[in-house]
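Working notes, beginning with the structure itself.
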Amino acid sequence: MSKNKQRVKPEENKPRTASKPMSGHLSLMARSIQKHFAGHVSKTALLTTLLPLSFVSLFGTLIAAAFFFPTGYDWRVRVVSTLISPRDNPQGCWLPSIGIMAAMLLALPFAGYVAQRLHAITPRLARSAGLTFAFSFVLMLLSVASQLAQPGIGLQWLHEFLARASAGIFSLGMICCCVCALKDRFRCFGGQGSLPAALAFYWVSLTLLPIGCLASLGALMLLGHQAGQMWAEDLRQSFRHTMLWQLAFWEWIGAGVAFTFLAGSVLLLPVSCW
């Protein structure tokens, strides 16, 4: 009887030993996914796989949804939210919603990638840039999810709030990148010239041009409508009948600028700044 008991024990231990490789494999996979989203990806992977797929996922599904929109979709006057709204687009809202969320997940490694490349220049600003980009992508994903869940949870303001917060935080990340690049270019701020001059010019121009246009329109509104300046009011009224006065126009332009910023940043950033 004792011999039989001794023979049974090794057989009982077999499932436990077999589970160790499986748990190790899952742990390795989890670490790999964590590193991926933390930005431990190659420049080639971002330029040839992640960002192109993100671009196609976003604009491809939005264009498809606009083409089959029930009442006709004019991108110059209709905001993107109507394409993912269960009320305005009940049959086709799922396609662009999934496309936007997939695009945000595919672009998420960019945040860590930029933070790593800028860390040697200004660690605090580099970390801030990475966190703001990552937070922006997550907020946009939550914004789309809240729009889909709106018929059940209500809170009509939540989607708009999250979407605008995402856009504002992404702009803040762009500004952080600009400050890092400018600090690196000027010797008086301790810059070592680690980043190419083309990158600093690219970031500053791509960031300041849209901000300057929006600030100019805001100034016209304040001077004309609030301060009573007739020349500003006349100029404001002339803009009211153009695409520049439409939020939908700026949403599409903003999405294009964001992807241009992502692709150009990866292309111009050196593989290592230290």
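The values are calculated or read from the model by the stated rules, or taken from the named source; none is laboratory data. Source: prediction; values computed, not measured. Every residue, glycine among them, receives a Cβ derived from its backbone with ideal geometry; neighbour counts consider all protein chains shown. When the accessible area is computed, the model is the full protein with side chains, heavy atoms only, and any ligands, DNA or RNA have been set aside. Shrake-Rupley method; radii C 1.70, N 1.55, O 1.52, S 1.80 Å.
State whether the residues of region 176-186 include one that is farther than 16 Å from SER85 by Cα and acidic (Asp, Glu).
Our first condition is that a residue be farther than 16 Å from SER85 by Cα; within region 176-186, this holds for 176-186.
Narrowing further to those that are acidic (Asp, Glu): 184.
Yes: one or more hits.
Would you please name the residue that is surrounded by the most Cβ atoms within 10 Å (Cβ to Cβ), looking only at residues in region 83-92 that are over 17 Å from ILE253 (Cα atoms) and not basic (Lys, Arg)? Don't jump to the end; show me each part of the working.
Restricting attention to region 83-92, the residues satisfying the condition of being over 17 Å from ILE253 (Cα atoms) are 84-92.
Narrowing the set further to residues that are not basic (Lys, Arg) leaves 84-86, 88-92.
Numbers: ILE84: 26, SER85: 19, PRO86: 16, ASP88: 17, ASN89: 23, PRO90: 11, GLN91: 11, GLY92: 19.
Looking at the filtered set, the residue picked out is ILE84.
Those residues that are among the small types (Gly, Ala, Ser) and part of a helix (DSSP H, G or I), I need them from region 63-115; list them, please.
If the condition is that a residue be among the small types (Gly, Ala, Ser) and part of a helix (DSSP H, G or I), then ALA64, ALA65, ALA66, SER81, SER97, GLY99, ALA102, ALA103, ALA107, ALA111, GLY112, ALA115 are the ones that fit.
For region 211-251, give me each residue that is open to solvent by less than 40 Å² (accessible area, probe 1.4 Å) and either on the phi > 0 side of the Ramachandran plot or modelled with pLDDT of 75 or more (or both). Give the derivation first.
In the first step, residues of region 211-251 are kept if they are open to solvent by less than 40 Å² (accessible area, probe 1.4 Å); the result is 212, 217-218, 220, 224, 232-233, 236, 248-249.
The answer is GLY212, ALA248, PHE249.
For region 147-175: of the residues being exposed (fewer than 14 other Cβ atoms within 10 Å of the Cβ) and within 15 Å of the chain's Cα centre (by Cα), which is farthest from ARG87 (Cα to Cα)?
GLY168
When you go through VAL114, VAL80 one by one, which is the residue that is out of contact with any Lys or Arg (no Cβ under 9 Å at 6 or more places or on another chain), aliphatic (A, V, I, L, M), touching a residue at least 60 places away in the same chain (Cβ under 8 Å) and under 21 Å from LEU47 (Cβ atoms)?
Only one candidate qualifies: VAL114.
Taking region 31-77, which residues are touching a residue at least 60 places away in the same chain (Cβ under 8 Å) and at positive phi?
Of everything in region 31-77, just one residue is touching a residue at least 60 places away in the same chain (Cβ under 8 Å) and at positive phi, namely GLY39.
Could you pull out the residue among VAL179, VAL138, VAL144 that is open to solvent by 40 Å² or more (accessible area, probe 1.4 Å) and within 19 Å of GLY256 (Cα to Cα)? Break it down stepwise before answering.
Details: VAL179 fails: within 19 Å of GLY256 (Cα to Cα); VAL144 fails: open to solvent by 40 Å² or more (accessible area, probe 1.4 Å).
Of VAL179, VAL138, VAL144, the one residue that is open to solvent by 40 Å² or more (accessible area, probe 1.4 Å) and within 19 Å of GLY256 (Cα to Cα) is VAL138.
If I go through region 57-82 residue by residue, how many of them are touching a Ser or Thr at 6+ places or on another chain (Cβ under 8 Å) and open to solvent by 30 Å² or more (accessible area, probe 1.4 Å)?
Adding up the residues that qualify gives 1.
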